[in-house]
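Participant: Sharing a structure below in structure tokens format, with a few things to ask.
The values are calculated or read from the model by the stated rules, or taken from the named source; none is laboratory data. Not measured: the values here are computed from a predicted model. All Cβ positions, glycine included, derive from the backbone under ideal geometry; neighbour counts span all protein chains shown.
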Amino acid sequence: MEVDVNVLPQKKQHIVGEEKKKKFAKADSFRIGPYRRLIQVGFLLVVLWIGVEFVLFVSQLEKGILPTIDRPPGVEAFLPISALISLRYWILTGVLNNIHPASVVLFLIILATAVFLKKGFCSWVCPFGWFSEMLDKLHMKIFDRRFHLPRWLDYPLRSLKYLLMFFFVWAVLVQMNIIDLHKFIYSPYNRVADIKMMKFFAEMSSATFWTLVILVALSTLIPYFWCRYLCPYGALLGMLSWLSPLKIHRNEETCTDCGLCTKVCPSNIKVDKSRVVWSDECHACLQCVDACPVKDTLYLSVTKRRFRLSRKAYAFIIILLFLVGTSVARLTGHWQNGISKEEYLYHIKRLDDPIYLHNQGQVPNYEMEKWGPPVPTH
Ligand code: SF4
Ligand code: SF4
């Protein structure tokens, strides 16, 4: 006869748990955690390398010389709004513009990770995710346990990132018509959006500086504050991750209710009470799977019994998506942008001119025929 452990009194539950421990095989000692850290650091080094190259590129431009190094297209990963605008323009016109094509490629790869691999981008690739994890470790060192906000505060705060995300999506998908999209993409502002973004941080105002300090302090006090409450990219990926066929599954028959999985979960998900983890906050860090002491009790899978994916295979696929996606873009000529070094030299001297500014997504009027192809009529 099958015993429903949850309806038994606590002492009896413990005994059943102990019996299960004896009965079921121990999980192997393999841990994906160290490999995930290695992959995170690998992506972080790539981002830092891109940053150094880009800073050198811009500093040569500022000296008034044609850069001897190429601008790294990967810097466009930090232009998600431009990517969303370009993506919509591509869908409407069939034209993938050559101003920031790598931004679209990286945006699509990141969306694909969410659709197929849950929110793995946040805990395997994103440098801000890595930084939040480091702050979480600092938090644990200081307080010895994780603080979580009470539900009544946690839920409304979590909706903030969705509001931000819906605002951007609404502004691009609803508010902008094809002429607006065209005007933004080929504007002088968008052409130098990467340089502007760099300068925003390199020459940050005291308001930006203190905002960052407050965010770091909040993320140390309340782990993953930025990711959980404010990141609109994370909100988009969280929504898409509901589509992911892959989920964390818990085998109730072999689970001993030890609660270790819930204890280690940085997203405060009650893994030990779920048969399948559906939460949009699950970023597939796999710490729960690593922590589970019983063999084949927590695992990544499409259904309870079929299409399981090992932790190693998951790590391999997430890297593969980036390698294949960026390689295809390179081979098809959608990686490097079409702005020459001479043109960058022209722009850099004029960065403070009014046509290089923008106001809440509105680009100033400029001579469209001078800067871009004709506006598509269909
Ligand atoms: S449920 Fe597991 S994989 Fe998801 S965030 Fe929590 S520990 Fe990570
Ligand atoms: S770690 Fe979670 S899934 Fe594994 S046995 Fe303990 S409670 Fe069950």
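Participant: For Lys161, are the conditions met, namely being under 19 Å from Gln40 (Cα atoms), in contact with a Cys (Cβ under 8 Å, 6 or more places away or on another chain), of a type in the set (D, E, K, R) and in contact (Cβ under 8 Å) with a residue 24 or more places away in the chain?
Facilitator: When the stated conditions are applied, Lys161 does not pass them.
Participant: In region 120-157, which residues are not basic (Lys, Arg) and not in a helix (DSSP H, G or I)?
Facilitator: Val125, Cys126, Asp144, Phe147, His148, Leu149, Pro150
Participant: How many residues are in contact (Cβ under 8 Å) with a residue 40 or more places away in the chain and either away from ligand 1 (no atom under 13 Å from the Cβ) or aliphatic (A, V, I, L, M) (or both) if we restrict to region 254-274?
Facilitator: Total satisfying the criteria: 5.
Participant: Another one. Restricting attention to region 85-120, which residues are in contact (Cβ under 8 Å) with a residue 40 or more places away in the chain, within 21 Å of Phe166 (Cα to Cα) and either in contact with a Pro (Cβ under 6 Å, 6 or more places away or on another chain) or surrounded by fewer than 20 Cβ atoms within 10 Å (Cβ to Cβ) (or both)?
Facilitator: Arg88, Leu92, Leu108, Leu111, Ala112, Val115
Participant: Of everything in region 275-300, what is part of a loop (DSSP other than H, G, I, E, B) and within 8 Å of ligand 1 (Cβ to nearest atom)? Give them in sequence order.
Facilitator: Result: Ser279, Glu281, Cys282, His283, Ala284, Cys285, Leu286.
Yes/no matrix, rows are residues, columns are (1) more than 16 Å from ligand 2 (Cβ to nearest atom); (2) under 27 Å from Tyr229 (Cβ atoms); (3) touching a strand residue (DSSP E or B) at 6+ places or on another chain (Cβ under 6 Å); (4) of a type in the set (Val, Ile, Thr):
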{"position": "Cys282", "(1), (2), (3), (4)": "no, yes, no, no"}
{"position": "Thr297", "(1), (2), (3), (4)": "no, no, no, yes"}
{"position": "Val302", "(1), (2), (3), (4)": "yes, no, no, yes"}
{"position": "Arg306", "(1), (2), (3), (4)": "yes, no, no, no"}
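Participant: Let me ask something additional. Looking at Ala329, is it closer than 30 Å to Ile99 by Cα and surrounded by 14 or more Cβ atoms within 10 Å (Cβ to Cβ)?
Facilitator: Spelling it out, Ala329 is indeed closer than 30 Å to Ile99 by Cα and surrounded by 14 or more Cβ atoms within 10 Å (Cβ to Cβ).
Participant: Look at Thr332 and say whether it is at pLDDT below 90, among the β-branched types (Val, Ile, Thr) and either touching an Asp or Glu at 6+ places or on another chain (Cβ under 7 Å) or more than 28 Å from Gln60 (Cβ to Cβ) (or both).
Facilitator: When the stated conditions are applied, Thr332 does not pass them.
Participant: Could you check, for region 187-204, whether at least one of its residues is closer than 30 Å to Ser310 by Cβ and buried (at least 21 other Cβ atoms within 10 Å of the Cβ)?
Facilitator: No - not one qualifying residue is present in region 187-204.
Participant: Considering only residues of region 48-79 that are assigned to a helix (DSSP H, G or I) and in contact with a Phe, Trp or Tyr (Cβ under 6 Å, 6 or more places away or on another chain), which is surrounded by the fewest Cβ atoms within 10 Å (Cβ to Cβ)?
Facilitator: Only one residue fits best here, namely Leu61.
Participant: (1) within 8 Å of ligand 2 (Cβ to nearest atom); (2) part of a helix (DSSP H, G or I): which one isn't true of Cys258, the others all being true?
Facilitator: (2)
Participant: So, one more: Considering region 261-272 alone, what residues qualify as being more than 9 Å from ligand 2 (Cβ to nearest atom) and not small (Gly, Ala, Ser)?
Facilitator: Cys265, Pro266, Asn268, Ile269, Lys270
Participant: Follow-up question, since we're still on this one. Of all residues in region 263-274, count the ones that are within 23 Å of the chain's Cα centre (by Cα) and either under 25 Å from Phe316 (Cβ atoms) or not in a loop (DSSP other than H, G, I, E, B) (or both).
Facilitator: Matching residues across region 263-274 total 6.
Participant: Just one of (1) within 19 Å of Ser187 (Cβ to Cβ); (2) modelled with pLDDT under 95; (3) not hydroxyl-bearing (Ser, Thr, Tyr) trips up Gly94, so point out which.
Facilitator: The number of the failed condition is (1).
Participant: Any residue that is within 24 Å of His358 (Cβ to Cβ), assigned to a helix (DSSP H, G or I), modelled with pLDDT under 95 and more than 21 Å from the chain's Cα centre (by Cα) - is there at least one of those in region 158-175?
Facilitator: Yes: one or more hits.
Participant: In the list Val289, Val277, which residue meets the criterion of being more than 19 Å from Asp154 (Cβ to Cβ) and either away from ligand 2 (no atom under 11 Å from the Cβ) or at pLDDT 95 or above (or both)?
Facilitator: Residue meeting the stated conditions: Val289.
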